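Take a look at the structure set out below.
The values are calculated or read from the model by the stated rules, or taken from the named source; none is laboratory data. No experiment lies behind these values; they were computed from the predicted model shown. Cβ placement follows ideal geometry from the backbone for every residue including glycine, while neighbour counts extend to all protein chains displayed.
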Amino acid sequence: MFKPTLALIATTLTLLAGCASYKPVPPAFHAALNRPYHLDSGDIVRVTVFEQNGLTSTYPVDKAGYVAFPLVGSVPARGRTTKQLEGELADRLRNGYLKDPDITVQVEQYRPFFIMGEVTTGGQYTYVPGMTVQNAVAIAGGFTPRGEQGSIDVTRQVGGRVLTGRVLTSDPILPGDTLYIRERWF
């Protein structure tokens, strides 16, 4: 009788130790949801230069974080908002190419998000604005029978730091996030 009780206590302590290893994420993890969008590799931007059809087009942000723009060359885009990129492009075009360029920059296609773990088809998927964890899991074919459906681990870059937080399926995700669906215990 004593051995089964001891085994139950040991199992309980092991499970509690696993729960104790989880630490809440810094406030910056969730604050990133309310900040202006910052461009990065994999994004595709639509640059419109008023009355300049030859310059108006879509441009990808390359692996190094630059947009290759006609006349002015590579322009840094990583970590900048669309408004900041507009300003940089206008400044460069004003320097010997156009007198007063009127430019708008919009995100045409966001960089992908990644999902792995206990989903039917893990991988890289196209991000759609307003997407939640639940939408992402649905796109990946749903949870496997062993998938933990209560909370999901999300890893994202915030201010140059990589942060991982445990969120609910109703929480929003951002472009570039990596979602990991854990295996449930029972």
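Okay, here's what the table says:
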| read-out | value |
| --- | --- |
| Leading residue by the ranking (farthest from the chain's Cα centre (by Cα)) among those in region 92-108 that are in contact (Cβ under 8 Å) with a residue 60 or more places away in the chain and surrounded by fewer than 16 Cβ atoms within 10 Å (Cβ to Cβ) | Gln106 |
| Within region 162-183, tally of residues that are touching a residue at least 60 places away in the same chain (Cβ under 8 Å) and either basic (Lys, Arg) or assigned to a loop (DSSP other than H, G, I, E, B) (or both) | 7 |
| Tally of residues being under 11 Å from Ile181 (Cα atoms) and surrounded by fewer than 16 Cβ atoms within 10 Å (Cβ to Cβ) across region 109-133 | 2 |
| Test: residue in region 38-50 that is surrounded by fewer than 14 Cβ atoms within 10 Å (Cβ to Cβ) and at pLDDT below 95 | yes |
| Verdict on Asp171 being buried (at least 18 other Cβ atoms within 10 Å of the Cβ), under 17 Å from the mean Cα position of the chain (by Cα) and in the same structural domain as Ala28 (by TED's automatic domain parsing) | no |
| Some residue of region 83-94 being assigned to a loop (DSSP other than H, G, I, E, B) and either farther than 30 Å from Phe143 by Cα or in the same structural domain as Thr164 (by TED's automatic domain parsing) (or both) | no |
